[in-house]
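All of the numbers you see were taken from the coordinates with simple rules; none came from a lab. Treat the numbers as computed from the prediction; the structure is a model and nothing was measured. Quick reminder, even Gly has a Cβ in these numbers, built from the backbone with ideal geometry, and neighbours come from all protein chains shown.
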């Protein structure tokens, strides 16, 4: 298993209401299921590690969106028109994409340490001076 995927599994294991399962016989790459007050992410074990990483990042974004939506629904009950529901769903989907990108960036950044510094300004532009 790749280091990035291991780190994502470790990140998800810290959540008490989240479980990750690798299923051998599912017809899709992966999905998120809410059952018994616990979120379950099921991932097809026959796909490559790169695809598993992308699936897990996306499903973790969906998990965060659902938790966020549950908290917001508990605070204020709204009755939306069909058009407003469509707009809200598109906004939620865009939020999941942004969250997933940030999560993947942060996990990768944690793997490789601090950001790479720029070269010093007093260099001669690639010409070797002896």
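General remarks:
- Cα point-scatterer Debye curve for region 1-90, base-10 log of I(q)/I(0) at q = 0.10, 0.24, 0.25 Å⁻¹: -0.32, -1.21, -1.27
- In plain terms, the residue of 35, 7, 98 with the fewest other Cβ atoms within 10 Å comes first and the most crowded comes last, giving 35, 98, 7.
- Separation of the residue 85 and residue 14 label points, Cα + 7 Å toward Cβ, nm: 3.6
- Among beta bridges from DSSP that stay inside region 3-112, the antiparallel ones total about 50%.
- Likely footprinting exposure, 38, 53, fewest C-beta neighbours within 10 Å first: 38, 53
- Least to most buried among 79, 17, 92 (fewest other Cβ within 10 Å first): 79, 17, 92
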